[in-house]
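Below is one structure, written out as structure tokens; comments come after it.
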């Protein structure tokens, strides 16, 4: 493969440079720089492949707003200036192609909630130098129409049912697709969609305070998520492990606004991601050895997209001053080696995978998603961005300078909301045994991972 040849060339160059360098520190710097150069080249090739894949407007329109985010996330998370500039260019180009469709696809009084939330998602792209105000004005009209419909429906039950608080609760339930009291019974699939919707609204309200009022949001959702059971590995066609793992990685994205992860925010969740990555890395090593298995290519099944998202979380936890862990190095090298000649990455499938593409959208999504998640794997960054802190402060009703373990006059801290599980894990048992044992707990122990 081209990636293998490139990796070998870089390793030879690094070794040669190290041999001619008298001090160990400069040699380590050369190796690090060589690896970073290889990774940046792979990301650039991946971005160009995505650009070609989305050149057909039918493909772009099918995949819609999330494709702006695919490029935008590379722009905001990478550190190489050339990569960032290319990602910004592609994000703006995709935004401009989609904007007329997003603004004009529906009349304001008949806009589906998904289309309204897509408009709110555009707030994120202010960092591109783009003004989202026209989109927000369109969202204003859609929100007003939803509120009017909610008031009209409530009025049929009598004056007592039309209080502002009740109307806001009903509007929020319609917007998120679930009532507040139902959060504890959400399935993994429901949580995946719900948290995305809540994040869009919280982000928009952090940019435009009070513009799109809701009765509850991320604070209540994260508090309820503590009671959700995250299924541990191993993977099987009938297990919820894969869905739970992707839910966990996406929760970390929402907590960090796609920037730097902080373990203290949700330590039990990061431990779950790390345990899951241990499983996928064990599968990866068996696959690398050529062991036969049930994947469609005849080898041991390994979820490439899962490895990429897990690696992204682990790199987001890594302080810039510390060297990468062996797991991070191994996963990075394996992903680089999986890149195809055209710059893309391809999914690895199990024939009984419940996510096997069923329609045109699925086919397109799973064609681009492996490349999308791999180019988005972030380098370590020194701190949570100012905007990320503002969004968290908005979501948790807490002043931006008080994201700590202490209670504040402005609300509740992030650790109080989501870091402590309802039941602390048992001590003394081996970590993996503890987690796998919890996979067989009774329903009354719901809330333990």
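Coordinate-derived values only; no laboratory data. Because the structure is a prediction, the values reported are computed rather than measured. Note that we place each Cβ from the backbone using ideal geometry, even for glycine, and neighbour counts take in every protein chain shown.
State whether one or more residues within the range 163-179 are farther than 28 Å from residue 247 by Cα, assigned to a loop (DSSP other than H, G, I, E, B) and free of Cβ contacts under 8 Å to residues at least 24 places away in the same chain.
yes
Would you check if there is a residue in the range 281-293 being in contact with a strand residue (DSSP E or B) (Cβ under 6 Å, 6 or more places away or on another chain) and not in a loop (DSSP other than H, G, I, E, B)?
Within the range 281-293 (the criterion being in contact with a strand residue (DSSP E or B) (Cβ under 6 Å, 6 or more places away or on another chain) and not in a loop (DSSP other than H, G, I, E, B)), the answer is yes, since at least one residue qualifies.
All but one of (1) buried (at least 20 other Cβ atoms within 10 Å of the Cβ); (2) under 30 Å from residue 283 (Cβ atoms); (3) touching a residue at least 60 places away in the same chain (Cβ under 8 Å) hold for residue 205; which doesn't?
Unmet for residue 205, out of (1) buried (at least 20 other Cβ atoms within 10 Å of the Cβ); (2) under 30 Å from residue 283 (Cβ atoms); (3) touching a residue at least 60 places away in the same chain (Cβ under 8 Å): (2).
I'd like to know if the range 69-91 contains one or more residues that are touching a helix residue (DSSP H, G or I) at 6+ places or on another chain (Cβ under 9 Å), more than 15 Å from residue 376 (Cα to Cα) and crowded, with 16+ Cβ neighbours inside 10 Å.
No, every residue in the range 69-91 fails to be touching a helix residue (DSSP H, G or I) at 6+ places or on another chain (Cβ under 9 Å), more than 15 Å from residue 376 (Cα to Cα) and crowded, with 16+ Cβ neighbours inside 10 Å.
Kindly indicate which of 213, 233 is buried (at least 21 other Cβ atoms within 10 Å of the Cβ) and either part of a loop (DSSP other than H, G, I, E, B) or in contact with a helix residue (DSSP H, G or I) (Cβ under 8 Å, 6 or more places away or on another chain) (or both).
Only one candidate passes the filter, namely 233.
Any chance you could count how many residues in the range 148-159 are surrounded by fewer than 21 Cβ atoms within 10 Å (Cβ to Cβ) and touching a helix residue (DSSP H, G or I) at 6+ places or on another chain (Cβ under 6 Å)? Spell out how you get there, then give the answer.
From the range 148-159, those surrounded by fewer than 21 Cβ atoms within 10 Å (Cβ to Cβ) are 148-149, 151-159; that's our starting set.
With touching a helix residue (DSSP H, G or I) at 6+ places or on another chain (Cβ under 6 Å) added as a condition, the list becomes 151, 154.
Residues in the range 148-159 being surrounded by fewer than 21 Cβ atoms within 10 Å (Cβ to Cβ) and touching a helix residue (DSSP H, G or I) at 6+ places or on another chain (Cβ under 6 Å): 2 in total.
With the structure loaded, tell me whether residue 42 is buried (at least 18 other Cβ atoms within 10 Å of the Cβ) and within 16 Å of residue 332 (Cα to Cα) or whether it fails that test.
In short, yes.
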